[in-house]
Structures are given as structure tokens and as C-alpha cells.
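The values are calculated or read from the model by the stated rules, or taken from the named source; none is laboratory data. Remember, it's a predicted structure, so these values are computed and weren't measured experimentally. Because the Cβ atoms are built from the backbone with ideal geometry, glycine has one as well, and the counts that use them run over all protein chains shown. Side chains are part of the model used for accessible areas, which takes the heavy atoms of the whole protein and leaves out ligands, DNA and RNA. Shrake-Rupley method; radii C 1.70, N 1.55, O 1.52, S 1.80 Å.
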Amino acid sequence: MIEMAIAETAVEQPTATSRVSGALHRVRSWEGIGLLSVLVLLYVVLSVRSPVFLTTDNQLSILQNAAFFGIVAFAMTLVIVAGEIDISVGSMAALSSSMLGVFVVKHGVPMPLAVLLVLLAAAAIGAFAGAMRAYFGVPTFIATLALYLALKGLAQLLTNNFPLPIDQEEFFYWGDGRFLGVPVPALYLIGTFVVLIVIAKYTVFGRSIYAVGGNAKSANLSGINVRRIKILVMMIVAVAAAITGLLQTALLASGNSTIAVGLEFDAIAATIIGGAALSGGKGSIVGTVMGVLFIAALLNGMVLLNVNPYAQQVVRGAVVLVAVLVNVWRTRKTSLE
Amino acid sequence: MDVVVPVLECRNLTKRYGTVQALTDVDFTLRRGEVRALLGKNGAGKSTLVNLVSGAVQPDSGTIRLNGKDVRWDGPGAARSGGISVVHQEFSLVPGLTVAENITMGRWSSRLGFIDQERLQDDARRALDQLGEDIPLWQLVGSLPIAQQQLVEIAKALVDNPDVLILDEPTSALNASEVEVLLALVRRLAATGVSVIYVSHRMNEIPLVADAMTVFRDGREVATLGIGEASPERVAAMIAGEVTDVAAAVYHDRSDAPVALSVRGLAVDGVLEDVSFDLHEGEVLGIAGFLGSGRTELLEAIFGLRHDVRGSVWVNGKEVRGRRPRKMLARRVAMTSEDRKGAGIVPAMGTGENVLLTARSRVLPKIWLRRRAESRLQADTIDKLAIRTSSPAQEVGTLSGGNQQKAVIGRALAAEMRVLLLDEPTRGIDVHAKAQVYALIRELAAAGHSAIFVSSELEEMPLVCDRVVVLRAGRSREVLTGAESNAERILALTMKEDD
């Protein structure tokens, strides 16, 4: 809903009635309305089928699980809107977990400093991928495919593929603790959402991402620093992946090179379900929120309903395909008008 | 010639696009082996006729008869196999495939799933033979020079043995000697019985290649004449029609005003040799020259879009070294591209936001968007340029070409740019919108802005420009002032031979 309130750019002072009818019109023409309906439908179906689904505890656990790919999905939205992609986020998360383990366990680095080092390393790696794209024209799909392999390997090298137990009570709190009854990772999810939606909607940088993804040549002629935008979005998603890795590390209480397998799939899927176009220029954080909640609720519901784990995979794949079909169909409809 | 059924016979063809009447009641008849030139301004109806005949779009009413039989194509593929092939202005070749593969694309036959290379080579060879050209069949098209690619393109159209071959601006990318080769080739094809519809802007080619010509204006056929039936002046008048609706610009002598932008000895290898001129404050300077004379490259060189540039550019008396778009914008010099869709607008963004792209972090705050300041600037700009949009939020991609162009110019104005480099700002927009763009540029000049105006439509020059620089063979040549800069005179100078 935030999106609609912001979409209002009326110059004249609207009257109360025109404001209401305007709001109604925006609700109807809002792109996310279809996804929202599907999300509500999913909730209704799952609540009817499983008595546990709508309980506060279960909803909070959905939110906690959503955090483990949602934070990356929000950042991924910016990357995809910019017309790029990052498929190395899973490996990035695994590497940050391993790095934290090595720093803390093997070298006795204080936790806050170790976290800072990990985030800086992630930002540097993201900047590297972005620079490969911006300065050498290497497509981000290829650059991050290389990183997907290399970072994973690096994580395993660092840890010899053994978990490094981190024995710190207060660190564990960051992964599985609760603040005012809300799981801490869920708070991270909400925090990331707020920060990124503000960036996307209210900053010159955020709007420039849309301009670059919508038409990079035009953005360049308009004086937007296209290279800097591309590098920055790749840095943001790498840091988001590192944060995800750190949260998982806290949850498992060990530095681990085997975490976050398939993270890129859920993050990209949530973004696409949320209405972003891989060709760039189109997509919204609000859409991605719904994509994230949809996937998280679906996974949770399938577990509650005892769906065969292999069948779950098929369902996840089908959902992505259907979402893309719906988007394509809708763009075609509007372009015909 | 005995009385035979014409190859192509169109009756009462009519086509509307939304509110635009693209073609009204057009009759068009073509004999076997005839070369017919289609003449007319942009938007006069030439392309619409071509699209209807070649099945790209369906007529609203009217009939098309091919060899005496009524036809109704449901797509370009059907028209092609039915006997009508088109060579479009934009190449449709795949650079990574060989000449033979390109020529036979879409009709590759296979044996047990393997491409029948022999058949493919035979077909391609036959098409090239009909052209009388010899290009190695195995060569990758991407490695051929443009002129040869054009020949491959034509061979590709011949492979289906068309009755009618449509050539849309076939010479626009060719130099003089290549044009000669192509014209001779068209004559040869006609002699083999192929009928040719030849669409061109280049008046001087028509008598060399065509038997007759049809002139279009505002979606109607003005006249069909044999070559030699009308003087070039009369044909030009028929193409132009009444031009009283746009008043010629009053020429302003700005040579006393300070120099806003000056260019000294600008050179780009293979395109520009030595270009120098001064642009004064409040002046509109036209750049005239043939396609390929380096007009676009010149603007790109000034604006810092190229890195292979020698020579110097001065803004307000200071040389700008290491030019990049952002550096030029910081000096309040903006450029609009000739490729409005590809490099001008961001189609999926709102019109208002499109207008602000340059203003942001320049005249608007650096980091945070200020909603009130933004909507005020959006509304001001949209209002000042009379951009027709339902609201600033309407996606700019859904506007008409003229309004898109105004939005692109508006982007520079919203950011308070002083010097505008306008590359073909009137390309592909309707006559009414063109007049608005001319008026806009004149108003800006009166307000002290300077502009460089590049257009391939020479008749626009005297309407907009105070002075016109003629570009020929990579050098800036004559400078025409005010009334001297009429279309005929510019045309003569752009075609002049220097050696």
C-alpha cells in the first residue's frame, strides 16, 4: 500500500471525494493487486486446511524463515531493476559464515570487528562483480557464476569443510533470539525492507536504478553515472547476502561453508513473483515483499500439510513459471491497449 | 507491350492508426518489370503502403490483387511466399551466420535433421547469380562491408523468386560508388521481370533507376508520373505541398553575442577530418550533410560519447578536456539522441520523472528526492513545453513521438542547460508536432539558449536555424546565413564535389 500512497504526484489540492475515488482507482490499477489476492487466497486455503497455520507462533516462524532469503530478495530487486543479476549470493553467504568462523574461532578476533570485516569483504567482492560489468562489459550473470564457484570453493578452503563452532551466547541471540516476542531475523527483514524501500523511492540513487535499468543509454546521456549505479547495486546485494550468512551462522552457532544452498533461487524467485522484469527497469520492493511472504507461507504450509519434500520442489518451480507467465500476459495486455 | 494483367493492383487502400489517418483511398498499380519510385516526406504514407502490400499490417479497407488474384496476407511470411519480398532499411542479417545461411534463412531444408548444405548453397548461389554478384558463400556476414551486406540482404529477398521486390531506402548507408553499383543492379533485376518498388528520399537517384514515380503526401497519392514528366522543382513542390503553415524563422544575427560553444579542428578517424565553428549565445546553428557525413559523430564527439576524438571543444571560453557526458552537463551542455526510443526516453518511467533525470542532483537536491520541488518542476516543464500527457505519472513510452521528443528536450531544460545539441529532434514525428518543435527551439533561442540542430530534412533548416554549417567529406565547409539557407542551396552544397 505504501507504493500507492507514494505514486500520488497530484499537483492540485484534491478534494476528499476525488481523493477517495482516486485511491480506489489506484487500488484497481495497482500492479500488485493480483499478487495480493493470490497471497490472501493462499492464506485462506492454508488456514482452512491446517489449524496451526494462522497461529501467532507459526506466523512468526514464517517471518523468521522468510528473513533467510527475503533480505537478499529485497537487495536482488534493486539488482534486477538495474538490469543485472547476482547468482553468487548463496556462496557469498557461505563464505561470510566461514570467514566469521575463522576470524573468531581461529584468530580470536572480537565479534563486532569480525562482523565488520566480513561485511567489508562482501562489499569489496560485490564491487568487484559490479566493476567487471561496468568497466569490462562482463555480464553479471557470468561474473557471478564465476563467483558462485569461486566463493564456495574459498569457503571450503577456509574451513576444510568442517563447521567451526562459535561458543558465544549473545551471538546466538542474533539468529534465534526474540525481541519483544519477535524473532530477531524477522526484525532484520523488516529493517532491510524499510531501508531499501526508502532508497528505491526517495533517493536520487534509487530512482537512477530504475532509469539505468529502463534505458542505460538514455540514463548516460542524462548525466547519470551508470557505472557507479551498477557497482553500488552489486555491493548492496553482496552485503545483504553476507548479513544472511551471519544470521544463519548465529542460528547454527557455527561458521559453516555448507549453508545457504539455493539462496539465489528463492531470492530471484521472490523478486520475479513480485513483478520485476529480468530485462530491467521494472519491479518494486513492495512486490518483492509479497513474493517473499508467498514463498515463505507456501513452504511452511506444505510442511504443515505433510507434502512430499520432492513434490515441494516441483511446486516451487511451477509457482515461478506461473508468476512469469502472468507478468508476460499482463504486459502484453497493457501494451495492446 | 501487350495488354496484360498488372503484377500488383491496389484499390482504395485505407489505413488508420488510432487517430492518425495513415493512408486514404490509395490506388496503386505496378507492371511486370517496372521500377516505381515512392516519394514523400516522413509520415506521408510510403511506409504504410509498403507495410500493407507486404503483409506487415492489414488494410482497414481496400483490396490488393497480385497477378490478378485477390490476396489478403496474414503476415509478412505469407506475403513473402506469395511473391512479395521487402528489403527493409534496417538490416535483418545475422552477423554470426555465413552468407549462404543468411540468404536462405527461414527455408533451410534438412536431411535426417542435418542441414542440407548442398541445397542451401545452391539456393544462395542462384539468388546471388540473379543479382550478378559474387560474394563467397562461406563468409560470415558480420565480416562483410556494409555495401556487401546490403547485397546479401537483397539476395535474401530474391531467394523466394518474388514478383514484387520492395526496397526501402536501400542506399541510405552506401557511398556514391556503392550507390551506382546498386542502381545498376536494380535495373538488371527489373530486366529479368521482377517489379521493384523503390522507396527513397534521394531525389537524384530516382531518374537513374525508376521508370515512374508516385508521390505521397498526408496519406494520399498526389500524382503518378513517368520519369521526365516533371521537373525536379515540381516534384519537390508536390512532395512538400503547401508550407505556409510554418512561418520561416526570422533570421537573427547573433555574431556579436558571446560565444557559448566553439569547436576547433575536431576529427574522428574515418568520419570527420577537420570541423571548426562557433556557436553564439541565443543562436541556432544547423548542421547539414548527407547521411554518413558525420553529423551524429560530430555531436557525440562534442558531448564526450566517443574516445577517438582529436581537436578541442570550448565552452564559455574554457577548453573542456577529457569530455564525458557528465562533465559536459556540468557545463550546462546537453545532447538529445537521434534514437529517441533507444537512447532518449526511459519508456517505463513516468513522463514527469523522465523530465527530471538530469535535473536530479543538479538543480534538485543531491541525495533525497524532494517531492514538492519535484512535482513543481515536473508540472512547470510539462506545462511550458505543452507535453500532452494525462498526468506526470503517465509512462512516457505511451505518448506520441512528438510528445516524447518534447520530454527529452524538457529534460535538458528542467536541468537549466544552456547549450542544446539536438540530433534529429524531428525524426518520426508528425507535421504538427514538428512545427511545435521548431517553435520551441526558436523560443529557447530568444530566451538566450544556444542550440545545434541536426536534421536530414533540409527544408527544416531555414525554419529553425540562424546559420547552417555544411558538412562534406568530413570537413565543415560553407556557412550559410539566414535566407541563403534554403533547402535547394543546402542540397546542392552537400552534394558538391570538391575535387
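Look at the Cα gyration tensor of the stretch A:138-208: its axes a ≥ b ≥ c give a/c of at least 1.5 with a/b at or below b/c, and that counts as oblate. Each principal axis of the stretch B:355-471 carries a Cα extent, and these read 45, 27, 21 Å when sorted largest first.
Grab the DSSP H runs of chain A that are 4 residues or longer, score each as -39,500 (n - 2.57), total them, divide by all residues and round the 222 nm result to the nearest 500 deg cm²/dmol. Counting only the DSSP helices, I get -25000 deg cm²/dmol.
The alpha carbons of chain B stretch over 69, 50, 45 Å along the principal axes, in descending order. Within straight-line reach of residue B:69, meaning a Cα separation under 22 Å, sit the following lysines at least 8 residues removed in sequence or on another chain: B:15.
When each full DSSP H helix of chain A is screened for a Cα extent of at least 30 Å along its own axis and an average Kyte-Doolittle hydropathy of at least 0.0, the helices passing are A:56-81, A:111-136, A:226-252, A:309-336.
Residue B:69 contributes about 140 Å² of solvent-accessible surface, heavy atoms of the protein only, 1.4 Å probe. Computed extension gain for residue A:49 through residue A:180, at 0.36 nm per residue and net of the alpha carbon distance, reaches 44.2 nm.
With an a/c value of 1.5 or above and a/b not larger than b/c for the gyration tensor axes a ≥ b ≥ c computed over the alpha-carbon atoms, the stretch A:200-337 is described as oblate.
For a straight C-alpha distance cut-off of 16 angstrom, the aspartates and glutamates reachable from residue A:106 (same-chain residues fewer than eight places away being disregarded) are A:167.
Cross-link partners for residue B:327 among the lysines, with Cα-Cα distance under 19 Å and sequence neighbours closer than 8 places in the same chain left out: A:217, B:318, B:366. Taking B:278, A:176, B:383 and ordering them by how much accessible surface each has at a 1.4 Å probe, largest first, produces B:383, A:176, B:278. Computed from the Kirkwood radius of its Cα pairs, the Stokes-Einstein diffusion coefficient for the stretch B:154-303 at 25 °C and 0.890 mPa s stands at 127 µm²/s. Under 1.5 on a/c is rounded, so check that first for the protein assembly as shown, then, if it is not, pick prolate when a/b is larger than b/c and oblate when it is not; a ≥ b ≥ c are the square roots of the alpha carbon gyration tensor eigenvalues. In terms of gyration-tensor shape, prolate. Relative to the 2.2 N^0.38 Å rule of thumb, the stretch B:67-191 has a C-alpha radius of gyration ratio of 1.06.
Kindly flag which residue pairs out of A:201/B:434; A:152/A:201; B:41/B:406 have an alpha-carbon separation exceeding 31 Å in this structure. With Cα atoms farther than 31 Å apart: A:201/B:434; A:152/A:201. Taking the DSSP beta bridges with both ends in the stretch B:259-495, the antiparallel portion is around 55 percent.
Just going by the charge dipole of chain A, with Lys and Arg at +1 and Asp and Glu at -1 on Cβ, which of A:58, A:113, A:311 is farthest out on the positive end? Of the candidates, A:311 comes out farthest on the positive side.
Heavy-atom accessible area with a 1.4 Å probe sorts B:374, B:297, largest first, into B:297, B:374.
Computed on the Cα atoms alone, the convex hull of the stretch B:259-495 gives a volume of 115 cubic angstrom per residue. A helix-only calculation puts chain B at -9000 deg cm²/dmol for mean residue ellipticity at 222 nm, using -39500 (n - 2.57) for each DSSP H run of at least four residues, averaged over all residues.
The share of alpha-carbon pairs in the stretch B:8-240 lying farther apart than 27 Å comes to 34%. Label-to-label distance, residue B:388 versus residue B:316, with points set 7 angstrom from Cα along the beta-carbon direction: 3.8 nm. Exposure check, 1.4 Å probe, all protein chains in place: residue B:119 carries approximately 120 Å² of accessible surface.
Heavy-atom accessible area, probed at 1.4 angstrom with all protein chains present, ranks A:310, A:173, B:198, A:135 as A:310, A:135, A:173, B:198, highest first. Computed about the Cα centre, the dipole magnitude for the protein assembly as shown is approximately 2280 debye when only Lys and Arg (+1) and Asp and Glu (-1) carry charge, each at its Cβ.
Annotation: residue A:227 carries an accessible surface of approximately 110 Å², with a 1.4 Å probe and no ligand, DNA or RNA atoms counted.
Taking only the Cα atoms of the stretch A:263-332, the radius of gyration and Dmax are 12.5, 39 Å. With both residues required to sit in the stretch B:8-240, DSSP beta bridges show an antiparallel share near 60%. Directionally averaged projected area (the stretch A:35-336, Cα convex hull): 16.6 nm².
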